[in-house]
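Step one of this worksheet: look at the structure below.
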Amino acid sequence: ESPKEPGKSKEAPSKPGKETEKAKKYETAKIRTPIDKASKDQKTKGQEKYMEAKGFYESKNYEKAIQTFTEALSIVASPNIHMMLIRSLIDGGKKEEATAEANSFRNFMDSNPQLKGKYKKAIDDVKEYMDTTANEYLNKAIDEINKDNYKAALPLLELADSAKKSSLVTYSLAGCHDELGNKEEDLKLYKSFLKQDMSELKGPEKKTKKT
């Protein structure tokens with residue numbers, strides 16, 4: 001289901017939602033040593049910590065698994081550790097944090113393209129998660145838009161956008177900001193929307209609100 005054409009609303013401008021703020025707060029250490037550049041000692045300690053964390057995960061102690069996988073990443077950054085941390089966050093009910101960590105993983109891999117060949121499965125698993133998560137948040141946001149609840153839709157769309165860039169999400173974000181009176185942000189997003197691939201938009205969605 002696609003969002004209905006935005007109407008007029010008198011809702012006050014929205015601040016970033018709690019979900020979005022929560023997701024942004026959760027990101028593991030920015031400075032990470034890629035596994036191919038780690039010392040032998042780092043690799044050994046990282047592997048020991050990884051196995052400890054895996055034990056917590058397999059016993060469904062997700063809080064300890066999250067803590068210990070995070071510690072492992074601080075020693076050595078391996079795509080497999082990233083993937084297990086994301087799984088622990090998902091299974092531990094921390095979906096927003098998992099999305100933030102998946103974004104962190106994506107940025108890490110972009111900065112370390114030499115790892116992509118060896119760790120293709122981990123990359124594919126994260127991409128599948130991001131695609132699924134983006135669609136879940138988008139569908140929730142569309143439900144709110146169709147109820148004219150733009151304030152509730154906005155943080156959901158921001159989470160969808162953080163998981164995966166798409167023309168439909170950008171279009172919907174622009175519409176929400178328009179309805180909430182955030183004209184500057186609306187125009188910025190709409191200009192971005194016009195530059196995106198609109199092949200995913202079918203039928204009425206292609207009729208943009210500005211002509």
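Residues of region 148-158 include at least one that is surrounded by 22 or more Cβ atoms within 10 Å (Cβ to Cβ), at pLDDT 90 or above and more than 15 Å from the chain's Cα centre (by Cα). Residues that are more than 12 Å from the chain's Cα centre (by Cα) and touching a residue at least 40 places away in the same chain (Cβ under 8 Å) were ranked within region 125-140; the one that is farthest from C176 (Cα to Cα) is D125. Taking the listed residues G7, G55, G46, the one that is at negative phi, at pLDDT below 95, assigned to a helix (DSSP H, G or I) and not acidic (D, E) is G46, with no other qualifying. For region 131-147, a residue qualifies if it is closer than 27 Å to R87 by Cβ and open to solvent by 10 Å² or more (accessible area, probe 1.4 Å), and the qualifying residues are D131, T132, N135, E136, L138, N139, K140.
Can you tell me how many residues in region 114-156 are over 21 Å from L168 (Cβ atoms) and part of a helix (DSSP H, G or I)?
Step one: filter region 114-156 for residues over 21 Å from L168 (Cβ atoms), giving 114-126.
Subsequent filtering for residues that are part of a helix (DSSP H, G or I) retains 114-115, 120-126.
Total meeting the criteria: 9.
Could you list all residues from region 94-110 that are open to solvent by 40 Å² or more (accessible area, probe 1.4 Å) and either in contact (Cβ under 8 Å) with a residue 24 or more places away in the chain or charged (D, E, K, R) (or both)? Break it down into steps so the answer makes sense when it comes.
Looking only at region 94-110, we keep the residues that are open to solvent by 40 Å² or more (accessible area, probe 1.4 Å), and these are 94-95, 106-107, 110.
If the condition is that a residue be open to solvent by 40 Å² or more (accessible area, probe 1.4 Å) and either in contact (Cβ under 8 Å) with a residue 24 or more places away in the chain or charged (D, E, K, R) (or both), then K94, K95, R106, D110 are the ones that fit.
Applying the condition of being open to solvent by 10 Å² or more (accessible area, probe 1.4 Å) and within 27 Å of M130 (Cα to Cα) to region 179-190 and asking which residue is nearest to the chain's Cα centre (by Cα) yields L189. Starting from region 55-72, take each residue that is open to solvent by 60 Å² or more (accessible area, probe 1.4 Å) and list its partners that are modelled with pLDDT of 95 or more and part of a helix (DSSP H, G or I), counting only C-beta distances under 6 angstrom and pairs at least six apart or across chains. The qualifying pairs are K64/F56; E71/K49.
The values are calculated or read from the model by the stated rules, or taken from the named source; none is laboratory data. It should be emphasised that the depicted structure is a prediction, and the values quoted were computed from it without experimental measurement. Cβ atoms come from the backbone with ideal geometry, glycine included; neighbour counts cover every protein chain shown. Keep in mind that these areas ignore ligands, DNA and RNA; they rest on the heavy atoms of the full protein, side chains included. Shrake-Rupley method; radii C 1.70, N 1.55, O 1.52, S 1.80 Å.
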